[in-house]
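The values are calculated or read from the model by the stated rules, or taken from the named source; none is laboratory data. Fair warning: this is a prediction, and the values are worked out from it, not measured in the lab. Every residue, glycine as well, gets a Cβ built from its backbone with ideal geometry; the counts of neighbours run over all protein chains shown.
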Amino acid sequence: MELSGSSAIVTGAASGIGAAAARQLAALGCHVVVADLQADKGEALAEEIKGVFVQVDVTNTEQIAQAVEVATGLAPLRAVVNSAGIGWAQRTIGRDGTVESAHSLEAFTKVVHINLIGTFDMVRQAATAMSLNEPDADGCRGAIVNLASVAAFDGQIGQASYSASKGGVVGMTLPVARDLSAAGIRLNTVAPGLIDTPIYGEGEQAEAFKAKLGESVLFPKRLGVPDELASMVVECLTNSYMNGETVRLDGGIRMPPK
């Protein structure tokens, strides 16, 4: 699918995988809407790639609607990347036998709301706009890529909320792709493994920690880099025969319990 001259929305675009995807889409000729909560980083990236920053909290359906409106005002919306998400680590029960020390229900709800419900809200609103596009020679009107995680399959101790949210993203991939097929819209999911993003911090200690993590990867024995993930995201968007699939991009890692 040709993306040059179309608009694209990337959520969580101010850093990490989202920023790499935004840069690669801009390089393909897309007018990119940088959708993120971080105004300073988001505006800087939008200026760099000649895109537009829209402040978006993916739990706010009106802000998602605004991002879609801005994108369609630039050019036909043909690409969406849902990269916004958060993590959380807490065991299901505590050590003292009290419910008060069990996993925070508020935290569980928040993680699911951002990672799963926020993703679906962008999908339903963006796909509605895409359905009005003129189809290409294959009948395609647009494509969407959601970001999940290998935690959807290999959730570790303390990852109940994160794994549940990302498992939901994986679980809705095929049914949503089937729903959208009638409108000529493709949807795929990419499930990253251990990726070198700002979440690990900076400095000598952070680098040593990342090197240690990389030893658990089958091959190559290192963390992935955002551009490698973005490359797969772009492939899922542009390859017209790629649909309804979840792709692990993880160096062959299978996460241990902890």
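Just need a number here: residues in region 94-111 that are under 16 Å from S163 (Cβ atoms), of a type in the set (V, I, T) and surrounded by fewer than 18 Cβ atoms within 10 Å (Cβ to Cβ).
1
Kindly provide the set of residues from region 179-205 that are of a type outside the set (A, V, I, L, M), part of a helix (DSSP H, G or I) and closer than 23 Å to S83 by Cβ, ordered by number.
Of everything in region 179-205, those that are of a type outside the set (A, V, I, L, M), part of a helix (DSSP H, G or I) and closer than 23 Å to S83 by Cβ turn out to be D179, P198, Y200.
Consider only pairs whose beta carbons are under 9 Å apart and that are at least six residues apart or on different chains; among these, list those whose first residue lies in region 86-99 and is farther than 30 Å from A14 by Cβ and whose second residue is basic (K, R) and loosely packed, with under 13 Cβ neighbours inside 10 Å.
Listed pairs, sorted by first residue: none to list.
Of all helices (runs of 4 or more DSSP H) completely enclosed by region 52-153, which ones contain at least 2 residues that are modelled with pLDDT of 95 or more and of a type in the set (S, T, N, Q)?
Counting at least 2 such residues, we get 61-74, 118-130.
Quick one: is V33 part of a strand (DSSP E or B) and not small (G, A, S)?
Taking the combined requirement at face value, the residue satisfies it.
Determine which member of the set L174, L213, L229, L223 is within 14 Å of the chain's Cα centre (by Cα) and among the aliphatic types (A, V, I, L, M).
L229
Determine whether F108 is free of Cβ contacts under 8 Å to residues at least 60 places away in the same chain, aromatic (F, W, Y) and within 20 Å of A19 (Cα to Cα).
For F108, the condition - free of Cβ contacts under 8 Å to residues at least 60 places away in the same chain, aromatic (F, W, Y) and within 20 Å of A19 (Cα to Cα) - is not met.
Taking only pairs six or more apart or across chains, which ones have beta-carbon atoms under 8 Å, a first residue in region 206-228 that is loosely packed, with under 13 Cβ neighbours inside 10 Å and part of a helix (DSSP H, G or I), and a second residue that is modelled with pLDDT of 95 or more and basic (K, R)?
Correct list of pairs: A211/R222.
Applying the selection to region 52-86, what residues are more than 17 Å from the chain's Cα centre (by Cα) and of a type in the set (G, A, S)?
A65, A71, G73, A75
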